[in-house]
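I have placed the structure first, in the form of structure tokens, so that the comments after it can refer back to it.
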């Protein structure tokens, strides 16, 4: 009986780089994605802020509203004092996750308790119909509850979605209401990691924010790379350790109807959100919080 030749599994081609996005600077914040620019192409990743600055304790953002979206804040360099109109308040340890699903309208605030050089990100995710007008929900995930998956030469933090590791699946404790993955990849100098996103994920981007990296075979640091709709993602740390933010998802098909701090799928929903935000504002003023 003739022995069959054993063949290695085929390796998918790398996703092409479609664009390099430098973002817009607002003080210590670099706005990499907004709903009125790359957010349409990358939805459900409709807004992404990168924060990198020297701070003193107490620096932060006062009480402000949202509706129709959820915000995910990852602040690895400082504890954060938080409060929101769902009644939650406390201190989130550095490296934890703040998920504020504003639903039909909510307010929240946060201040950093550390000092020195601090880096962090805030992402906006549009809530689908049926969720965008619903109750608001604040979820605060401790650092040790964020899945940290070991890979050769590094690790992957699963902020949203899930990652397969052999037979195991490591999932974020947060429900995003989308088929999406949002990871922080950390690699030692010289390490290379290749990732095959789920086949349905026709949206993908990467952003090297620390160290030195080659992404998709090209030098890249400080620019968000918008990738094609199929293929693998490859990250290589060159002369020093690197950290890279990575997002992949199934494209969100609903429109983005925007207000000052809200995004909905239709004008009527946006109007209802504005009414709820105003009603909550009256209560906050009465409590001396505004």
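Structure values in brief
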{"read-out": "Strands (runs of 3 or more DSSP E) lying entirely in segment 18-104 (those with 2 or more residues that are in contact (Cβ under 8 Å) with a residue 60 or more places away in the chain and closer than 25 Å to residue 175 by Cβ)", "value": "29-33, 47-55, 60-66, 69-74, 97-101"}
{"read-out": "Any hit, segment 197-211, residues being under 19 Å from the mean Cα position of the chain (by Cα), farther than 14 Å from residue 248 by Cα and without any contact (Cβ under 8 Å) to a residue 40 or more places away in the chain", "value": "yes"}
{"read-out": "Filter result for residue 138 (more than 21 Å from residue 209 (Cβ to Cβ), at pLDDT 95 or above and either in a loop (DSSP other than H, G, I, E, B) or touching a strand residue (DSSP E or B) at 6+ places or on another chain (Cβ under 8 Å) (or both))", "value": "no"}
{"read-out": "Filtered residue count, segment 75-95, keeping only those that are surrounded by 21 or more Cβ atoms within 10 Å (Cβ to Cβ) and closer than 15 Å to residue 123 by Cα", "value": "1"}
{"read-out": "Verdict on residue 130 being assigned to a loop (DSSP other than H, G, I, E, B) and either under 17 Å from the mean Cα position of the chain (by Cα) or in the same structural domain as residue 288 (by TED's automatic domain parsing) (or both)", "value": "yes"}
{"read-out": "Residue list for segment 211-230, restricted to those being crowded, with 17+ Cβ neighbours inside 10 Å and in a loop (DSSP other than H, G, I, E, B)", "value": "211, 216, 220, 223"}
{"read-out": "Meets criteria (under 30 Å from residue 268 (Cβ atoms) and either touching a residue at least 24 places away in the same chain (Cβ under 8 Å) or touching a strand residue (DSSP E or B) at 6+ places or on another chain (Cβ under 9 Å) (or both)) for residue 180", "value": "yes"}
{"read-out": "Count - residues of segment 218-241 that are in contact (Cβ under 8 Å) with a residue 60 or more places away in the chain and under 22 Å from residue 200 (Cα atoms)", "value": "11"}
{"read-out": "From 244, 257, residue being under 30 Å from residue 12 (Cβ atoms), in contact (Cβ under 8 Å) with a residue 12 or more places away in the chain, within 21 Å of the chain's Cα centre (by Cα) and buried (at least 17 other Cβ atoms within 10 Å of the Cβ)", "value": "244"}
{"read-out": "Selection within segment 265-278 - closer than 18 Å to residue 101 by Cα and in a helix (DSSP H, G or I)", "value": "269, 270, 271, 272, 273, 274, 275, 276, 277, 278"}
{"read-out": "Selection status of residue 110, over 28 Å from residue 208 (Cα atoms) and either assigned to a loop (DSSP other than H, G, I, E, B) or in contact with a strand residue (DSSP E or B) (Cβ under 9 Å, 6 or more places away or on another chain) (or both)", "value": "no"}
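The values are calculated or read from the model by the stated rules, or taken from the named source; none is laboratory data. Everything quoted here is computed from the prediction, not taken from an experiment. We place every Cβ from the backbone using ideal geometry, glycine too, and count neighbours over all the protein chains shown.
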